[in-house]
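Asks: Input: one structure, supplied below.
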Number of protein chains: 2
Amino acid sequence: MEAQSSLQVFVNGSFTSAPQAFLHISDLAIQRGYGVFDYFKVEGQNPLFLDDYLERFYNSASLMYLQVPYSKEDLRQIIGKLIRLNNLTVSGVKMILTGGYSEGGFEPSAPNLIIQQQPLVLPSIAKVTQGISIITHEYLRDLPVVKSINYTTGIRLLHHMKAQNAEEVLYHSNGFVTEFPRCNFFMVTQDNTVVTPAENILKGITRKNVMKLAARKYKVDARDIMLDEIMQAKETFLTSTTKRILPIVQVNGQLIGSGKPGPVSLELLQDLIALEQSVLAEPVK
Amino acid sequence: MEAQSSLQVFVNGSFTSAPQAFLHISDLAIQRGYGVFDYFKVEGQNPLFLDDYLERFYNSASLMYLQVPYSKEDLRQIIGKLIRLNNLTVSGVKMILTGGYSEGGFEPSAPNLIIQQQPLVLPSIAKVTQGISIITHEYLRDLPVVKSINYTTGIRLLHHMKAQNAEEVLYHSNGFVTEFPRCNFFMVTQDNTVVTPAENILKGITRKNVMKLAARKYKVDARDIMLDEIMQAKETFLTSTTKRILPIVQVNGQLIGSGKPGPVSLELLQDLIALEQSVLAEPVK
C-alpha cells in the first residue's frame, strides 16, 4: 500500500503526515523563490549513492549562504527513519532547504527544512526503446553548480515543449550546450567517444556514474559541446536520477544518427542498472 | 495599533490572521520557485496607482501561464476589504500568485493567491539627504518584464553588499546598466537630461511616474546606458514603490557628481510626493 495520504514528511524537526505539511507564507521560497534542494532514489529501504547527494545538498546550501540545521550524520538518521516509516518499494526522497521565515520578506533567516518521499515511476521500456524528442532553448541558469529551486524558465517552457511534441528542453548558451532543466546531456561521437558538457551545468550524480561506467569501455570527454555538433552525433542521451539513461533520437525535429536509440546508450543503461544492483547488494553500513 | 499578530491575510478565497496563513509544501513556489507577485503602497484606505499595479500583476501572471482566479474588479474588492480590515496608516500590499499545488512537483496547477498587507516605513530624511552607496553586478533576470518571485541572485548578493557597505546592487548586462533587484535606475546627465534604461528591466510604476514628472521640466530619455557612462553623470538615483526616489552618491566606491544628492533628484522627489498627495485628494471612485 502506497496511499499518498499515509506518507510521512519531515518538516523542521518533526514527522507529520503529508497532507498536514505546511510552511507559513513568510517563507522565503514563497516570498522570493529562495531555496535549494536535492533528490535521490530509494529502492526499498536503501538510498542510492546517498553520500554524493548529501555532499551536493550541503554544497548548494553553502553557496546560497544557507545552513543545513543538521550534521550529515544526523540528516542520514532522519532520512533513514523517514524511509522506514513510509516503507515504499521504489521512491524518491526530496530535501528542500528554504531561506526561512523572513520578517521583511527579503532577508534570509533560520532555514526551513522539508524532507519528503514519494513513489517513483521509472521510464517505461517503451520509452527507452523508442527514445525521445527534445527541443533546444538559449538559457543559462543563474548559478549552474547550485541545485536551487528556481525553475522559472524550465516550467515556462513546458508549453513550448508540448507545442512541439518534445519531452525535454536542452539549454545552450553562447553556442554551447549545457544541460536540461532536470537532466544532463551526453553524446556519442562518430569515433565512439562519450562526451558530456563540462561547464555551466549542475554536476549530476547519475552523470558522474555514467562517465565512470563509460570509461571502462570508451574514451570519455567532459568538454564544451557546440550546439551544431550534436546533430552530427552517433547517439545522444540524457541522464538523471529518475530517468537513469534516456536515449534522445530527435533534436528540434531533426533525427540523430539512425533515429533510434543506439547501442552505446542502451549498453550504458544496462551497466548503470547493474551498478545500482551491485550497490544494493552491498551490506548496509 | 498596528500589532503584526492582528493583521489579516487573504489566502485562496478567505481572510485569515497572518500567523495562520500557510501554504502546503506541494506549492510550486516551495517546490520550484514558480510564481509572480506585485506590491503597491497604501496611504490610509487608499491604494496608490492601483490600476497600474493590477495591470502589471495580470500581465506577469499571463506571461508565466498563470491565471489570476479573479477579475480585476473582484480583486479590487478583495483588496479594499483587506485594507479596511487591517486599517493601517502607511502600508504595502503584496499579491503573490504561485504555480499552485503540484502533484508531481513540476507541472503548475490551479494557482494559489496570497494578498498580504504590512506596515511600511519609508526611507528616513537622513537617508534621502545623504544619499546611498551602491555596487554593480553583471546579471540579467530571466524574464525582466515579469515580476517573478525569483530573487536568487539579489538575495545572494546581500552578503557582497554588506561587505562593501553598499545599500543596493545595480545589475548590468553586456556593458549596459539595467535595474536593481527591486528598483529602477535613473541618471541626470551633464546637460540635465533625465535618462533611464529602456530595455531588460521591470517597468516600474514609480519609474513611469517619475518619467512623466521629469518631462514637465527636463528632457527625458529612455535608452541604453553604458556602465561607464554613469560615472560621468551629474546625479544618479533609484526609484521604487517603497523608496520613491533615493539619491545614489557612490557607485563601486567612486563618488557621483558632487558626492551629494543633487537638485534634480530632490526636486523630482518633491514632485513625486506632491503627485501622490494630489491622487490621494481625488474623490474615491
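Every number here is computed from the coordinates shown, using simple stated rules; none is lab data. Remember, it's a predicted structure, so these values are computed and weren't measured experimentally. When we count neighbours, we look across all protein chains shown, and the Cβ atoms used for this are built from the backbone with ideal geometry, even at glycine.
Asks: Can you give the Rg to Rh ratio of region B:4-119, both from alpha-carbon atoms, with Rh computed by the Kirkwood formula? Intermediate values should be presented prior to the final figure.
Replies: On the way: Rg = 13.9 Å, Rh = 14.4 Å.
The Rg/Rh ratio comes out at 0.97.
Asks: With the cut-off at 28 Å, tell me which of the pairs B:Lys41/B:Lys212; B:Lys81/B:Lys147; B:Lys72/B:Lys243; B:Lys94/B:Lys234 have Cα atoms farther apart than that. Mind showing how you got there, number by number?
Replies: Details: B:Lys41/B:Lys212 19 Å; B:Lys81/B:Lys147 24 Å; B:Lys72/B:Lys243 26 Å; B:Lys94/B:Lys234 35 Å.
Listed pairs above 28 Å: B:Lys94/B:Lys234.
Asks: Hey, what angle do you get for helix B:50-63 against the long axis of chain B, alpha-carbon based, 0 to 90 degrees rounded to 10?
Replies: Result, in degrees: 70.
Asks: Hey, fewest Cβ within 10 Å first, where do B:Thr152, A:Thr189 land in order?
Replies: On the way: B:Thr152 27, A:Thr189 18.
By the 10 Å Cβ count, ascending, the order reads A:Thr189, B:Thr152.
Asks: Determine the sum of side-chain charges near B:Val210: Lys and Arg each +1, Asp and Glu each -1, restricted to other residues whose C-beta is under 10 angstrom from that of B:Val210. Don't jump to the answer; show the numbers that get you there.
Replies: Values: positive: B:Arg207, B:Lys208, B:Lys212, B:Arg244; negative: B:Asp271.
Combined, the nearby Lys, Arg, Asp and Glu give +3.
Asks: Now a separate question. Summarise the long-distance tail of P(r) for chain B by giving the % of C-alpha pairs beyond 27 Å. Mind showing how you got there, number by number?
Replies: Numbers: 17575 of 40470 pairs.
The calculated P(r) of chain B puts 43 percent of pairs beyond 27 Å.
Asks: Give me, ordered by chain and number, the residues 5 or more places off A:Glu168 or on other chains with an amide H under 5 Å from its own placed amide H.
Replies: Distant-sequence amide H within range of A:Glu168: A:Ile135.
Asks: Counting only other residues whose beta carbon sits under 14 Å from that of B:Lys219, what net charge do I get with K and R as +1, D and E as -1? Please list the in-between numbers first.
Replies: Details: positive: B:Lys212, B:Arg216, B:Lys217, B:Arg223, B:Lys234; negative: B:Asp191, B:Asp221.
Summing Lys/Arg as +1 and Asp/Glu as -1 gives +3.
Asks: Let me ask something else about it. Cross-link partners among aspartates and glutamates for A:Lys162, C-alpha distance below 14 Å, same-chain residues fewer than 8 apart left out?
Replies: Straight-distance partners of A:Lys162: B:Glu107.
Asks: Once you list every other residue whose beta carbon is under 13 Å from the beta carbon of A:Ser278, what net charge do they have if Lys and Arg are +1 and Asp and Glu are -1?
Replies: Neighbour charge sum, excluding A:Ser278 itself: -3.
Asks: Rounded to the nearest 500, what is the 222 nm mean residue ellipticity of chain A from helices alone, with -39500 (n - 2.57) per DSSP H run of 4+ residues and division by all residues?
Replies: -8500 deg cm²/dmol, from helical runs alone.
Asks: Please give, to one decimal in nm, the separation of the simple spin-label points placed at A:Glu282 and A:Asn46, each 7 Å out from Cα toward the Cβ.
Replies: 1.0 nm
Asks: Most fluctuating residue of A:Gln116, A:Gln250, A:Gln164 in a GNM of chain A with Cα springs under 10 Å: which is it?
Replies: Highest fluctuation of the listed residues: A:Gln164.
Asks: Still on this structure, please answer the following. Return B:Ile230, A:Ile273 ranked ascending by Cβ neighbour count within 10 Å, so the fewest neighbours appear first. Walk me through the numbers on the way to the answer.
Replies: Details: B:Ile230 24, A:Ile273 13.
Lowest to highest Cβ neighbour count: A:Ile273, B:Ile230.
Asks: Can you give the direction-averaged projected area of the convex hull of the alpha-carbon atoms in region A:175-240, in nm²? Can you show the working numbers first?
Replies: Working: hull surface 15.9 nm².
With every direction weighted equally, the projected area is 4.0 nm².
Asks: So for region A:4-119: antiparallel DSSP bridges make up what percent, rounded to the nearest 5? Mind showing how you got there, number by number?
Replies: Numbers: 25 of 25 bridges.
Bridges in region A:4-119 are about 100 percent antiparallel.
Asks: Same structure again: Treat the count of other C-beta atoms within 10 Å as a stand-in for reagent exposure and order A:Met161, B:Met95 from fewest to most.
Replies: Working: A:Met161 17, B:Met95 24.
Placing the least packed residue first, the sequence is A:Met161, B:Met95.
Asks: With Kirkwood's inverse mean 1/r over C-alpha pairs for Rh, give me the Rg to Rh ratio of region B:150-279, two decimals please. Display every interim value, and only then the final one.
Replies: Working: Rg = 14.1 Å, Rh = 14.9 Å.
Rg/Rh for region B:150-279 comes to 0.94.
Asks: A further question follows. Once the Cα atoms of helix A:205-215 and of chain A are each reduced to a long axis, what angle between those two axes, in degrees from 0 to 90 to the nearest 10, is obtained?
Replies: 30 degrees
Asks: Let me ask something else about it. Sort shortest first the distances from A:Val90 to its counterpart in every other copy, using label points 7 Å along the Cα-to-beta-carbon line, and give them in nm.
Replies: 6.0
Asks: Within 10 Å of each Cβ in A:99-106, how many Cβ atoms from other chains are there, averaged over the peptide? Present the calculation step by step, with values, prior to reporting the outcome.
Replies: Values: counts 3, 0, 0, 1, 2, 1, 8, 6.
Per residue, the number of nearby Cβ atoms from other chains is 3 on average.
Asks: What is the antiparallel percent of DSSP beta bridges lying wholly in region B:125-277, to the nearest 5? Working shown, then result.
Replies: On the way: 18 of 30 bridges.
Counting only bridges with both partners in region B:125-277, antiparallel ones make up about 60 percent.
Asks: Something else: Please identify, among B:Ser14, B:Ser109, B:Ser91, the residue showing maximal mean-square fluctuation in a Gaussian network model of chain B using a 10 angstrom Cα cutoff.
Replies: Highest fluctuation of the listed residues: B:Ser14.
Asks: Taking A:Gly175 in one copy and the same position in all the others, each labelled 7 Å out along Cα→Cβ, what are the pairwise distances from the first, in nm, shortest first?
Replies: 1.8
Asks: Relative to the longest principal axis of the C-alpha atoms of chain A, give the angle of the C-alpha long axis of helix A:72-86, reported between 0 and 90° and rounded to the nearest 10°.
Replies: The two axes meet at around 90 degrees.
Asks: Using only the C-alpha atoms of the protein assembly as shown, find the volume of their convex hull and express it per residue in Å³. It would help to have the intermediate numbers written out before the result.
Replies: Values: hull volume 91.5 nm³, N = 570.
Per residue, the Cα convex hull of the protein assembly as shown comes to 160 Å³.
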